[in-house]
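In what follows, a structure is listed as C-alpha cells, so that the remarks can point back to it.
The values are calculated or read from the model by the stated rules, or taken from the named source; none is laboratory data. Every value quoted in this text rests on a predicted model; they were computed, and no experiment measured them. FYI the Cβ positions are ideal-geometry reconstructions off the backbone, even for glycines, and counts take in every protein chain you see. Please note that ligands, DNA and RNA were not included when accessible areas were found on the heavy atoms of the full protein model with its side chains. Shrake-Rupley method; radii C 1.70, N 1.55, O 1.52, S 1.80 Å.
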Amino acid sequence: MSVSGSWGTGGSFYRLMEKPIRLYQADAPFLGLSMVELGNNRIMVKKDISYFWISFLLFVLCLTQDAYYTDGGNPSAWPPGWELFLYGWLGLLGGIFAWLANPALIIAWVMLRKKQYEKAMICSVIALLFSVSFLFHETVLSDATGRRDTVTGYGYAYWLWLLSQAVVLYGSWRKYSDTKAVISEEAHSEQPEG
C-alpha cells in the first residue's frame, strides 16, 4: 500500500489509522498463508490450512502411481492412475463403481471452495464409499475380450486417492464445525442476560 498525501487531516496518517491492517488472502492461499500489510511493511502470516490444495495435490500425485496389481502375465501391467482416471469409467460396464468417486470428489472440491461445507462433507463421504467399494472386488476386467484377472495388491495411487478424499472430508467437517461454533457463539452473545 503506497501512502500519499499530507500528514494533516485526510492525509496518509489518517488513512493509515483508518485501515491499519490489511489482509491479502489472494497472495498465497494455497499455502495457507496471508499477507498482512502494516503501513508499508508486508508480513507473511499463517492463515489457515487449505484442505482443498492438500487434497488436490494428493490426487495429482496419485495419478502418477500404480493403482493396483493383478495376477496376469505382468503383475504391474495396469496403467498408472491417470489412465484409470480417464478410462476407469469403463469399469462401470463390469460392475465396478469405484470410478464414480472421481466426480463426487470433484464436486466436493467445488463445494469446499464455495464454503458449502455440509455439501462438501456429503460428497466426500460418497466419494469414499465408492472408492472403498473397490476393495470388495476380487477380479477386474483385463482386456477387451472380457478376460478377468485377480487383484493381488493395491498401489500407492489407490491409497493416495483415498487419502485425498479423506482430507476433503476432514477439512469440510472441520470448517463446518468452526462455522457452527461461530454462529452459536454469536447467537449466545446476542441473548440478553437475565
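Quick notes on this structure:
- Amide hydrogen proximity for residue 152: with H placed 1.01 Å from N in the peptide plane, the residues at 5 or more positions away or on another chain lying under 5 Å are 69, 70, 71.
- Peptides 138-148, 59-69, 87-97 ranked from most to least packed, by the mean per-residue count of other Cβ atoms within 10 Å: 59-69, 87-97, 138-148.
- Per residue solvent-accessible surface (Å²) - region 93-134, probe of 1.4 Å: 51 Å²
- Integer Hz, Karplus 6.51/-1.76/1.60 couplings in order for region 143-152, x for Gly and Pro: 7, 6, 7, x, 5, 10, 10, 7, 6, 9
- Carbon/sulfur fraction of accessible area - region 77-162, other protein chains in place, 1.4 Å, %: 70 percent
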